[in-house]
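Structure first, then comments.
The values are calculated or read from the model by the stated rules, or taken from the named source; none is laboratory data. Everything numeric in this text was worked out from a predicted model, so none of it was measured. Here the Cβ positions follow ideal geometry from the backbone for every residue, glycine too, while neighbour counts run over all protein chains shown.
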């Protein structure tokens, strides 16, 4: 293929391919390349018809303009430079590369050894050089028209204290949903049946597992499996093509607009800690071939990759152009595609500097000062697999954080483990030990008992241990510490008593999430009893294991879930912005939290130290300083009982007030019932909530 020069110098900004009306400007970053070329393909993508060299260089940005190109043009990149893995360079111009800023990608790589920059099987390993052209096995980038789609109006901006998050997978949510067409796509998610379900449930935000274009790992494809979850990003600006029914990125924006019209915010799970290229024996698809030394954190010898993510590589966010890539991507999805927030996968990696994790790392500071990004919902998964990677509570405001201690503590309490009352007390009050600092709000803790990674809710009460054999890894993958309990029989059962006990425990755990201070998150499908058959790591199960079976849904638990979300919405004391305090800490805070024993006396240290205690009683009031809208409610009395039935003395009520029993998971009932006297016979294994109301 004969190379030609670009028609004009073009511009160094914006990065990527930008249509300007009668041509396209290309701008590509590479500090260490000797030459960058744009490869143009025929409309069917089969033939490389032109190869255009970008002759202009502004710092590390190569750029040029090609006249006459129009939206829809298929292209890829090639980069020339040293192939010297021991110095961190892995340039190989025989490998067609994805543009990191491509807005659309036609498909996914087709696995072949030609995708590797080195010769597979060579005795020199990744130090060898592979001369084969990878273009026949690579997807194409697509030039898109226009840089932006205007926001239709003000954002929903649902306050954090009013937010209920619903974590879902685009395909898993829609594949088996009647009327959600086309199934498995953004348009299917935007369909009336899905929107009606979300509205009926009462959730305010949907958090989507990764939708940016990602790689199907070779080892999965060879097993007949697929990367279902999507945590192997290749294109940080492109929607994954498997979710586009007609191949148009406007389908994603249509989904966002439909969800917004239904009052539901959209949060994207984003993976900026690593890419889908793996370690030194991985493929050359994009970043490795463009500038390996700049994009990745390398070991001291230059050949290996720092792996704080468990995936083989780690993006080097210390490099300003890599950080710019992340920020540009975030701004694109927020400002152009209209999303309302981001959940950052393995976010501890994003805060790593030369000295380890830093809550004031450059990326965090850049996001916090950005007028577009700072007001969004920003959620950190506060850990990675590297040294000192567990950072729960360590992120700066306005970040919220996934709270795995909430998950584990709630599961263990309801399983009946010893000594869990103090932990539950901390969790239902917003995990203040972790989050009540630096001016952070009680909404900082994202409370959940289930997420995509782990058991579903029904499986948590149905399996004693994981069953991941379908993943083809000998059941070695996935967590072992599930804190689950099958209540007598592993898996499905026709035993009525066991099924009733499981139903009650599910209600108890869901109620605990929605009665706790913080920001609740539910896993899609839990509301209808979706089971993954004991698989707690269904990352590669693009099948009925992961797809929600709506036809076999649990109507009773669905009704309970709807009622529980409505109950939280109706009682502002449960969703306060400020932390509750059992004792006065500052002059501007009064006592608004009271821990009580079953006999009504305050909890003493000996009670907290009692490992056999299975009962927690909490009287909550409106925190001092909370906005007046929450002050209409005086108090709630919550009883969490993982033990036997017990008589509980209610707190004293003012003369003009009476305690109404407003929730009882043993019934289950949300009908207000006036109490008869000051004692309540609390059922075993139950959650009960009393509301202080005017005496009739």
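Within segment 213-232, one or more residues are crowded, with 24+ Cβ neighbours inside 10 Å, touching a helix residue (DSSP H, G or I) at 6+ places or on another chain (Cβ under 8 Å) and in the same structural domain as residue 336 (by TED's automatic domain parsing). Where strands (runs of 3 or more DSSP E) fall entirely within segment 1-74, those with at least 2 residues that are touching a strand residue (DSSP E or B) at 6+ places or on another chain (Cβ under 8 Å) and modelled with pLDDT under 95 are at 3-5. Note on segment 429-438: residues that are in contact with a strand residue (DSSP E or B) (Cβ under 8 Å, 6 or more places away or on another chain) and part of a helix (DSSP H, G or I) amount to 2. Do we find that residue 114 is surrounded by 19 or more Cβ atoms within 10 Å (Cβ to Cβ), touching a helix residue (DSSP H, G or I) at 6+ places or on another chain (Cβ under 7 Å) and free of Cβ contacts under 8 Å to residues at least 24 places away in the same chain in this structure? Taking the combined requirement at face value, the residue satisfies it.
Being modelled with pLDDT of 95 or more and closer than 26 Å to residue 538 by Cβ is a description that applies to residue 259. Scanning segment 39-64 for residues that are farther than 18 Å from residue 2 by Cα and crowded, with 19+ Cβ neighbours inside 10 Å gives 61, 62, 63. A single member of 499, 440, 505 is modelled with pLDDT of 95 or more and within 24 Å of the chain's Cα centre (by Cα), and it is 440. Does residue 338 satisfy being more than 17 Å from residue 273 (Cβ to Cβ), crowded, with 17+ Cβ neighbours inside 10 Å, touching a helix residue (DSSP H, G or I) at 6+ places or on another chain (Cβ under 8 Å) and touching a residue at least 24 places away in the same chain (Cβ under 8 Å)? The answer is yes for residue 338. Assess whether residue 109 counts as being assigned by TED's automatic domain parsing to the domain that holds residue 52, within 31 Å of the chain's Cα centre (by Cα), assigned to a loop (DSSP other than H, G, I, E, B) and buried (at least 23 other Cβ atoms within 10 Å of the Cβ). When the stated conditions are applied, residue 109 does not pass them.
Screening 288, 258 for residues that are over 24 Å from residue 327 (Cβ atoms), assigned by TED's automatic domain parsing to the domain that holds residue 207 and part of a helix (DSSP H, G or I) leaves exactly one candidate, 258. Under the condition of being touching a residue at least 40 places away in the same chain (Cβ under 8 Å) and in a strand (DSSP E or B), the residues counted in segment 655-696 number 11.
Taking the conditions (1) surrounded by 17 or more Cβ atoms within 10 Å (Cβ to Cβ); (2) under 15 Å from residue 273 (Cα atoms); (3) out of contact with any helix residue (DSSP H, G or I) (no Cβ under 6 Å at 6 or more places or on another chain) in turn, residue 378 satisfies each one other than (2).
Given the options 477, 485, 453, name the one that is part of a loop (DSSP other than H, G, I, E, B), farther than 17 Å from residue 498 by Cβ and at pLDDT 95 or above. After applying the criteria, what remains is 453. Within segment 449-466, being surrounded by fewer than 24 Cβ atoms within 10 Å (Cβ to Cβ) and under 22 Å from residue 268 (Cβ atoms) holds for 451, 452, 453.
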